[in-house]
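Notes follow once the structure below has been shown.
The values are calculated or read from the model by the stated rules, or taken from the named source; none is laboratory data. Being a predicted model, the structure only gives us computed values, none of them experimental. Note that we place each Cβ from the backbone using ideal geometry, even for glycine, and neighbour counts take in every protein chain shown. Each accessible area value is taken on the protein alone, full model and side chains, heavy atoms only, with ligands, DNA and RNA left out. Shrake-Rupley method; radii C 1.70, N 1.55, O 1.52, S 1.80 Å.
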Amino acid sequence: MLTKIEALRAQLNELLEKAESSAELDKAKVEFLGKKGAITELMTSLKELKDPMEKKNAGQQINLLKKEVEERLAARADELVKLEEQRQIEAGPRYDFTVPAKSGQGSLHPITIVQNELEEIFASMGFTIEDYDEIVDEYHNFEALNIPGHHPARDMQDTYYLSNGQLLKTHTSAAQNAIMRKYGAPLRAIFPGRCFRNEATDACHENTFFQMEGIMIDEDISISNLIYFMKTMLSEVFERDINVRLRPGFFPFVEPGFELDISCLICGGEGCPTCKNSGWLELCPCGMIHPNVLTAGGIDPEKYTGFAFGLGLTRLAMMKNGIKDIRVLNSGNLKALSQFTSR
Ligand code: PHE
């Protein structure tokens, strides 16, 4: 009996090694465990053994073998599934990433389109275009902008701090200091960038949005220059007359400071969720650069004055395209976004 068991075990090893498909495994299962299978037969032949000790021992051995067969068949089945997957991956389609894209596929994001337009407009007026980091330190985001640690204006911007003390820039103004230091005065520069604030999102607020900052510093720059550049920019972007209003606004880095609002183009000024029912949309906070900010940037405030503005690029893209909900812009929803990228 025991030699029979050993012979079966050897047979099992051989079968398992050869089995290349689940059909072969099923066949092996029937051969061993089926109603007329080898193990079942062994069980029936147990009764022929006369010696009770021998019978008991053989019974235990058969049970062990049975368990072993079950376990090893299941393990081999798992292995075969993995092998099959590997085979399919190897036989699958091969991609050639060097083949040029088919024309007409892919397009620029609506915000990129507006950004490019603005860069062209400002470049034609003598502004350089600058790039800046998204992770900055407190000095650049706040202190250099006349916002010391204790200042309540820090609370106006819900900031994402990193564990190393740095932060995700809350506004493109964070680049002002570095750019002043890089070029000195006179200076005309714009710097578009992605900004982050811990905002509860709704139709007109997002935690990730784009701004475009602009600064112009020279001798005798005044509010008239600021208004001129803002008006020129808006009429070029919208290619038509837009209702605007200028009202006082507080930002520690400008003095005086303004909010430049445009009449909401989604509702025509009547009020809707996009403009918080006011009919107006804050598009471009701006003002005359505070002397402390010029000094921090290494520029003599006795000699030079300048203006700064922080255009809401995301809002501008919404107004230009009639996009009612800001969340569409970061959604990656091609069906929605491709409506605005045909130009
Ligand atoms: N950085 C300000 C903000 O995002 C906007 C601003 C820029 C205001 C430049 C004045 C001058 O809130």
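Computed with a 1.4 Å probe on the full set of protein chains, the accessible area for residue 109 sits at about 50 Å². Partner aspartates and glutamates whose Cα lies under 18 Å from the Cα of residue 29, excluding those fewer than 8 positions away in the same chain, are identified as 6, 14, 17, 20, 41, 68, 70, 71, 78, 79.
Tally up the carbon and sulfur contribution to the accessible surface of the range 92-139 as a whole percent, 1.4 Å probe, everything protein left in place. Could the numbers behind the result be given before it?
Values: 1820 of 3400 Å².
Its accessible area is 54 percent carbon and sulfur atoms.
For residue 243, nonlocal amide neighbours, meaning residues 5 or more places apart or on other chains whose placed amide H falls under 5 Å from its own, are 263.
Ligands, DNA and RNA left out, the 1.4 Å accessible surface of the range 2-91 is 56% carbon and sulfur atoms. How large is the translational diffusion coefficient of the range 2-91 in µm² per second when you combine the Kirkwood radius over alpha carbon pairs with Stokes-Einstein at 25 °C and 0.890 mPa s? D = 171 µm²/s. Computed 3J(HN,Hα) for the range 236-246, one whole-Hz value per residue from the Karplus formula 6.51 cos²θ - 1.76 cosθ + 1.60 where θ = phi - 60°, is 6, 5, 8, 6, 6, 6, 10, 6, 10, 9, 10, glycine and proline marked x.
Rounded, prolate or oblate: which fits the range 59-175, taking a ≥ b ≥ c as square roots of the Cα gyration tensor eigenvalues, rounded meaning a/c under 1.5, else prolate when a/b beats b/c? Could the numbers behind the result be given before it?
On the way: a/c = 6.19, a/b = 1.99, b/c = 3.11.
Oblate is the answer for the range 59-175, as a/c is 1.5 or above yet b/c matches or exceeds a/b.
For the chain, taking a cut-off of 4.7 Å between Cβ atoms, the unpaired cysteines are 195, 204, 284, 286. When the helices of the chain are scored as -39500 (n - 2.57) per DSSP H run of n ≥ 4 and the total is divided over every residue, the value at 222 nm lands at -13000 deg cm²/dmol. Of the residues 183, 95, 160, which exhibits the maximal mean-square fluctuation in a Gaussian network model of the chain defined by a 10 Å Cα contact cut-off? For the chain, modelled as a Gaussian network with Cα springs under 10 Å, the answer is 95.
Mind checking the per residue accessible area of the chain for me, 1.4 Å probe, whole number of Å²? Could you put the intermediate results ahead of the total?
Details: 19300 Å² over 343 residues.
Per-residue value: 56 Å².
From largest to smallest, the equivalent ellipsoid semi-axes obtained for the range 150-225 from the alpha-carbon gyration tensor read 27, 16, 12 Å. Extension gain, residue 150-residue 137: 0.36 nm per intervening residue step, less the Cα-Cα distance, totals 3.1 nm.
Between residue 207 and residue 219, residue separation times 0.36 nm minus the direct Cα-Cα distance comes to 0.6 nm. If the chain linking residue 84 and residue 98 were pulled fully straight, counting 0.36 nm for each residue of separation and taking away their Cα-Cα distance, it would gain 2.1 nm.
Centre-to-centre separation between the Cα atoms of the range 234-291 and those of the range 66-132: 40 Å.
Could you tell me what a quarter of the Cα convex hull surface of the range 202-326 works out to, in nm² with one decimal place?
For the range 202-326, averaging the hull's shadow over all directions gives 7.9 nm².
Database remark: amide H of residue 255 closer than 5 angstrom to the amide H of 288, 289, 290 (H placed geometrically; neighbours at sequence offset of 5 or more, or on other chains; Pro and chain starts carry no H). For residue 271, the residues whose modelled amide H falls within less than 5 Å of its own, excluding neighbours fewer than 5 places apart on the same chain, are 279. Counting only Cβ charges, +1 for Lys and Arg and -1 for Asp and Glu, the dipole size of the range 2-91 around its Cα centre is about 580 debye.
Structure shown: which of 82/102; 231/335; 231/276; 35/82; 4/35; 102/320 lie over 26 Å apart, alpha-carbon to alpha-carbon? Don't jump to the answer; show the numbers that get you there.
Working: 82/102 36 Å; 231/335 34 Å; 231/276 24 Å; 35/82 30 Å; 4/35 18 Å; 102/320 29 Å.
Flagged as over cut-off: 82/102; 231/335; 35/82; 102/320.
For the pair residue 9 and residue 30, what calculated FRET efficiency results from E = 1/(1 + (r/R0)^6), where r is the Cβ-Cβ distance and R0 = 25 Å, to the nearest 0.05?
Details: r = 18 Å, r/R0 = 0.71.
Rounded to the nearest 0.05, the efficiency is 0.90.
So, by mean Cβ neighbours within 10 angstrom, what's the order for 122-131, 237-246, 188-197 with the highest one leading?
Details: 122-131: 14.5, 237-246: 12.4, 188-197: 21.1.
Final packing ranking: 188-197, 122-131, 237-246.
Roughly what percent of Cα-Cα pairs across the range 110-340 reach past 25 Å?
On the way: 10315 of 26565 pairs.
So the pairs more than 25 Å apart make up 39 percent of the total in the range 110-340.
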